[in-house]
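All remarks here apply to the structure that follows.
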Amino acid sequence: MSSGTLYDKVYDRHKVTTLPTGQDQLFVGLHLVHEVTSPQAFGMLEERDLDVAYPERTHATVDHIVPTGNRDRPYADDAAEEMLSELEENVREAGIEFSHPGTGNQGIVHVVGPEQGLTQPGMTVVCGDSHTATHGAFGALAFGIGTSQIRDVLATGTVAMEKAKVRQVRVEGELGDGVSAKDVILEVIRRLGTDGGTGYVYEYAGSAIDSLSMEGRMSICNMSIEGGARAGYVNPDEKTYDWLRETDAFRDDPERFAELKPYWESIRSDDDAEYDDVVTIDANELEPIVTWGTTPAQGVGVTQPIPEPEDCHSPETARQAQEHVGVSPGETMEGYPVDVAFLGSCTNARLRDLRRAAAVVRGREVAEGVRALVVPGSQRVQAAAEAEGLDEVFREAGFEWRDPGCSMCLAMNDDQLEGDEVCASSSNRNFVGRQGSTEGRTLLMNPKMVAAAAVTGEVTDVRTMREVTTA
Amino acid sequence: MSQGPADTVKRVTGTGIPVRGDDIDTDQIIPARFLKVVTFDGLGQFAFFDQRFDEDDEPLEHPFNEERFQGASVLAVNANFGCGSSREHAPQALMRWGIDAIVGESFADIFAGNCLALGIPTVVADHDTVTDLQEFIDENPDADVEVDVENETVSFGDRTVDVEVDDAQHTALVEGVWDTTALLKSNADAVEETARSLPYTDV
C-alpha cells in the first residue's frame, strides 16, 4: 500500500467519507463537461428533480462534435447541432461557465482546462472522458468517468471511488533529438501493456520527466489510460508554477497564487514515499516510436523490427493487428506509405507541438497524394500559432489549417479516414475503426514524426531530417 | 427512475453469448459515430456494430448476429474487455441489447465502473474457466448460465466455478446500493465541510 505520495495526500484531503460499499466519497475540485457524455447525465438530474450542486466548480466546452471547417450555426450535421444546443441549454440553466466558440476560449477540454488555469495542483479533476488523466501533469488527481458518475458529480460535487495502487514510472536520462514525451508514453505502454495499469495510478518521475515542458508532461499523463491506468500525474515543480502564473486564474492575482503555493508544495510526494511498484525506463535508449498495430501498446522504435506475434503480450491480437495494418514481423515501420497526416488531439495539439511540427514542415511540401491537416487544440492555441505565423508555414506546405476540436482522433465530426487509408497521427488511439473507417489504419507517432511523414509520404525517421535539432 | 435504493443484483440467470478476443475496446463495442445522441435509448442495436455489419450493412459473422444467441443475457469475454474510452454508451449498448452480466478474464477500470453504475456485474474468472464457459455456451446456446454475485460463482451445465467479484461491487450489487446519487447526496453537509477545508475553494 502506497504512502506519502501525492496520490495519497490529495485523495485523503478530498475524501468525504467511506461509503457502505467500501468505496470512498471524494470531493471533486473541478468538473469538466463536454457535449458527448453529459446530456444524458443532465437528463437524469431532471428526472430526479436535482440541481447542479457546485456549478462554480464546473466548466464546459464543446470539442468532440464541432466541425473544424464551416462553423456557421445551425451546424450542417443535425445531430451535432442537437448535441451543442442541448449542452448550451444545460449549462445556461445550471449557471455553468462555458468556453463556447464565440468566446475565443473553446477547444478540447484537456487543452482548455490547463490553459485557463482551471487545472491546479492538488485538485481532483473529473470529466466524462478517459483522457482526463492529462490534467495530472499539474499534480492534480484527474480521472475519466462515465455518465452515471457525471450525474453523481453534478448532483453532489462528489464521486464514489476505490483507492488505487500507485506505480512510480521513473524515466531517467535524456531524450535524444527527435524523441519526445509521446515516445516515452508509447514505450511505457509497450512495456507494461494496455492493461498493465489496471488498478493503478501512475506517478511519472525521474530526470527525463523533470526536464520535460508542461506540454510534454500533459502528453504523457494523457495516455495513462491507454496503459490501463485511470490516472497519471507528475509532482508539481517550478515549471508547473511558471505555467500557472501566466494563466487567467493568477495573471492578475499574484496574491492568490502566493496563498495557494504552499498547498501545492505540500502535496508533492515525500522523498521517502512508498509505492506499490516502481518501474524504471532509460530515456537515453529511446527512439521515435511508431505503432504497427491496433492498440497503443503495439509500437516499435522506428528503426527496430516489428515483433513476432508470439513475442507479444497477446499473440492472437497481435496477429490480427498485423494483418489489419498489413505489416510483417522483422520489417521496420520506416518507409510505410501514408495517405493522411493528422496533427491534432488532446495528446499533441498544443502550441509547442505545432511549433515542433512546423519546424520540420518549413520550406517543404506535403507529399503528393497526402491529405494533411492541422487541428489546433483550442482557439487560444490557434490564435497564438497564427500570431507567430505557424498557420502560414503549414498552409504553404499544403496542410489544411482547421478550427479546434477532437476531429480525426475519434472522427465524430466530418474529419474521417476513408476506406483503408493510412493515417500518421499525433493522437492517442489506433483502434480498428477509431478514425471513422473500419478498414482505416492509424499509426501513432510524435508530432515531428507526423510532420515528417506528411512531407515524405511515408513513415520517416525524423532524426535523419536536417531541421530536427533546431525544433 | 426513483431516488430510492436501487434493486439488488444477487444473481443473474440466462443463456450465454461468447465474444472472444483480448483488448476489445469501447470503440469496437460502440463506434464513435453512434455517440451523436443526447439519450442512451436505442443504442442496443449498435452494439459491436462494425464487427457485425460491413460497409453495405450486410451482416458479418459475429455472435451478436447469430440466431442461436438472440435473447442471451450473460456475456463471456476474455482479457482487458472495455479498454479505451470512458463512454458509458458501451455498457449502455450492451445492456440495451440484453446483457445483464459479464464474465471475463479482466476488465478495464472505467468500463467496470460504468457497468456497476448500471447494475451489471463484471465478474472475473481465469483464462481456462472463461474458455470452458465460452465453449459450453457455443455447444449449449439454449442452456442457462447462472452468475451468482452473492456467492461469487458461475454455474453452467453440471459445473459451478468460483469467480471473483470486486468487494465494492459485491456490496453495491448484493445490497442494492449501486445507484450512488442518493447515497452521495445524503452526505451533503460532510461534502460542504470537505470543500471548505480545501485551500482552493471559496465555498
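The values are calculated or read from the model by the stated rules, or taken from the named source; none is laboratory data. The structure presented is a predicted model; accordingly, all values stated were derived computationally and were not measured. Note: ideal-geometry Cβ built from the backbone for every residue, glycine included; neighbour counts use all protein chains shown. Just so you know, the surface numbers come from the protein's heavy atoms only, side chains and all, with ligands and any DNA or RNA stripped out. Shrake-Rupley method; radii C 1.70, N 1.55, O 1.52, S 1.80 Å.
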| remark: Scoring chain A by relative contact order with C-alpha pairs under 8 Å, at least six apart, yields a percentage of 17
| task | Just list whichever of A:Lys261/A:Lys448; A:Lys239/A:Lys448; A:Lys261/B:Lys185; A:Lys165/B:Lys36; A:Lys182/A:Lys261; A:Lys15/A:Lys239 have alpha carbons separated by over 25 Å in the model shown. | result | A:Lys261/A:Lys448; A:Lys261/B:Lys185; A:Lys165/B:Lys36; A:Lys182/A:Lys261; A:Lys15/A:Lys239
| remark: Amide H proximity to A:Val201 below 5 Å, modelled H, separation 5+ or other chain, gives A:Lys165, A:Val166, A:Arg167
| message | Show me, for segment A:432-448, the HN-Hα J-couplings you get by feeding each phi into the Karplus relation (A = 6.51, B = -1.76, C = 1.60, θ = phi - 60°), rounded to Hz, glycine and proline as x. | response | 4, x, 4, 9, x, 10, 5, 8, x, 10, 10, 10, 7, 6, 6, x, 5
| message | I'd like the distance separating the alpha-carbon centroids of segment A:96-167 and segment A:429-462, in whole Å. | response | 28
| message | If I take the Cα coordinates of segment B:11-176 and project them onto the principal axes, what are the three extents in Å, biggest first? | response | 43, 33, 24
| remark: To the nearest Å², the heavy-atom accessible area per residue of segment B:132-196 with 1.4 Å probe amounts to 48
| said: For a protection proxy built on the mean count of beta-carbon atoms within 10 angstrom, sort A:282-294, A:111-123 highest first, please. | reply: A:111-123, A:282-294
| query | Applying the Karplus parametrisation 6.51 cos²θ - 1.76 cosθ + 1.60 with θ = phi - 60° to the phi angles of segment B:9-25, what ³J(HN,Hα) value in whole Hz is obtained for each residue in order, glycine and proline being reported as x? | reply | 10, 8, 8, 10, 10, x, 6, x, 8, x, 10, 8, x, 7, 6, 6, 8
| remark: Note to self, chain A gives a 222 nm [θ] from helices alone (DSSP H runs n ≥ 4, -39500 (n - 2.57) apiece, / all residues, nearest 500) of -9000 deg cm²/dmol
| query | Averaged per residue, what accessible area in Å² does segment A:201-307 show with a 1.4 Å probe, protein chains only? | reply | 36
| query | Looking at segment B:17-49, which residues lose a minimum of 30 Å² of accessible area between their chain alone and all protein chains in place, measuring with a 1.4 Å probe and not counting ligands or nucleic acids? | reply | B:Asp22, B:Asp23, B:Asp25, B:Asp27, B:Ala32, B:Leu35, B:Lys36, B:Val38, B:Phe40
| task | State the Cα centre-to-centre distance between segment A:310-355 and segment A:39-68 in whole Å. | result | 35
| message | How big is the dipole moment of chain A about its Cα centre under a simple scheme where the beta carbon of each Lys and Arg is +1, that of each Asp and Glu is -1, and everything else is neutral? Debye, nearest 20, please. | response | 580
| message | Please compute the Kirkwood hydrodynamic radius over segment B:1-84, one decimal place, Å, based on all pairs of different Cα atoms. | response | 14.9
| message | Which residue, B:Val77, B:Pro63, B:Ala6, has the largest displacement toward the positive end of the dipole of chain B when charges sit on each Cβ (Lys, Arg +1; Asp, Glu -1)? | response | B:Ala6
| request: For the B and A pair, go ahead and give the buried accessible area with a 1.4 Å probe, both sides summed, in Å² to 100. | output: 5300
| message | 5 Å is the cut-off here: which amide hydrogens, built 1.01 Å from N in the peptide plane, fall below it relative to A:Glu458, excluding neighbours closer than 5 in sequence? | response | A:Val338
| field | Solvent exposure of segment A:1-156 as accessible area per residue, Å², 1.4 Å probe | value | 27
| remark: For segment A:34-47, in residue order, the Karplus 3J(HN,Hα) values (coefficients 6.51, -1.76, 1.60; θ = phi - 60°; whole Hz; Gly and Pro = x) are 9, 7, 8, 9, 9, x, 5, 5, 4, x, 5, 4, 4, 4
| Ignoring ligands, DNA and RNA, what percent of the accessible area of the protein assembly as shown is carbon or sulfur (1.4 Å)? | 42
